[in-house]
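Structure first, commentary second.
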Amino acid sequence: MTDTITLAPNPTNKCFGCGGDNDLGMKLTFVQDNVSKRIVGKFILGQAYQGGGGMGHGGIIATLLDEAMGKVCRFRDVRAVTAELNVQYLKPVRVDQEITVEGFETDVKGRNLFLAAEIRNGAGEILAKGTGRFVVIGQKEKAATEVHGS
């Protein structure tokens, strides 16, 4: 297995966050870091995702955190769904500046995966963070559209 895998939008997936087959979707690309067991994405949201005043909409911020946490399930080769999502909005997320979203696992209890994610600005300040409980519903099939990195 390579150290990193680029998780580009799947052209047949209709997911709002990461799907490639959703004209209104965000089409998010993440990197799966197999060494640190973290999912990382770098984004500039753009005006389409603002809630007002050049700041990211709260629902979009929650979506970013949920997407990053959902991708963490890949380290266990399982499919899981969000059962609980908690978000702390700490500082405004500007839509015109690059942010880094990072997801990771914190605990496992049976079919329950406890995950966390953070959004940071270019200075490394945490702007928002989330925790989630994801419930495993099955084994993950490997996507043929994955692009492998070094």
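Only one of Val40, Val72, Val87 is within 29 Å of Glu141 (Cβ to Cβ), hydrophobic (A, V, I, L, M, F, W, C), at pLDDT 95 or above and not in a helix (DSSP H, G or I); which?
Details: Val72 fails: not in a helix (DSSP H, G or I); Val87 fails: within 29 Å of Glu141 (Cβ to Cβ).
So the residue among Val40, Val72, Val87 that is within 29 Å of Glu141 (Cβ to Cβ), hydrophobic (A, V, I, L, M, F, W, C), at pLDDT 95 or above and not in a helix (DSSP H, G or I) is Val40.
Identify the residue in the stretch 48-58 that is out of contact with any strand residue (DSSP E or B) (no Cβ under 8 Å at 6 or more places or on another chain) and not in a strand (DSSP E or B) and, among all such residues, is surrounded by the most Cβ atoms within 10 Å (Cβ to Cβ).
Ala48
Being of a type in the set (A, V, I, L, M), assigned to a strand (DSSP E or B) and buried (at least 17 other Cβ atoms within 10 Å of the Cβ) is the filter here, so list the residues in the stretch 90-114 that pass it.
Scanning the stretch 90-114 gives Ile99, Val101, Leu113.
Would you be able to tell me the number of residues in the stretch 122-132 that are in contact with a strand residue (DSSP E or B) (Cβ under 6 Å, 6 or more places away or on another chain) and either more than 13 Å from Val72 (Cα to Cα) or buried (at least 18 other Cβ atoms within 10 Å of the Cβ) (or both)? I'd like the intermediate steps shown before the answer.
Filtering the stretch 122-132 down to residues in contact with a strand residue (DSSP E or B) (Cβ under 6 Å, 6 or more places away or on another chain) leaves 126-132.
If we keep only those that are either more than 13 Å from Val72 (Cα to Cα) or buried (at least 18 other Cβ atoms within 10 Å of the Cβ) (or both) as well, we get 126-130, 132.
Number satisfying all stated conditions: 6.
Scan the stretch 115-129 residue by residue and report those that are part of a strand (DSSP E or B) and in contact with an Asp or Glu (Cβ under 7 Å, 6 or more places away or on another chain).
Selection gives Leu115, Ala117, Glu118, Ile126, Lys129.
Just the residues that are surrounded by 14 or more Cβ atoms within 10 Å (Cβ to Cβ), polar (S, T, N, Q) and in contact (Cβ under 8 Å) with a residue 40 or more places away in the chain, please, taken from the stretch 1-18.
Matches in the stretch 1-18: Thr4, Asn10.
So, in the stretch 6-32, how many residues would count as being touching a helix residue (DSSP H, G or I) at 6+ places or on another chain (Cβ under 9 Å) and either assigned to a loop (DSSP other than H, G, I, E, B) or hydroxyl-bearing (Ser, Thr, Tyr) (or both)?
6
For the stretch 98-130, which positions are hydroxyl-bearing (Ser, Thr, Tyr) and either in contact (Cβ under 8 Å) with a residue 60 or more places away in the chain or within 26 Å of Thr12 (Cα to Cα) (or both)?
Thr100
From Val35, Val81, which residue is part of a loop (DSSP other than H, G, I, E, B), exposed (fewer than 14 other Cβ atoms within 10 Å of the Cβ) and of a type in the set (A, V, I, L, M)?
Unique residue meeting the criteria: Val35.
So in the stretch 59-77, with the set limited to residues that are surrounded by fewer than 20 Cβ atoms within 10 Å (Cβ to Cβ) and small (Gly, Ala, Ser), which one is nearest to Ile99 (Cα to Cα)?
Ala62
The values are calculated or read from the model by the stated rules, or taken from the named source; none is laboratory data. Computed from a prediction, not measured in an experiment: that's the story for all the values here. Ideal geometry is used to build each Cβ from the backbone, glycine not excepted, and the neighbour counts take in all protein chains shown.
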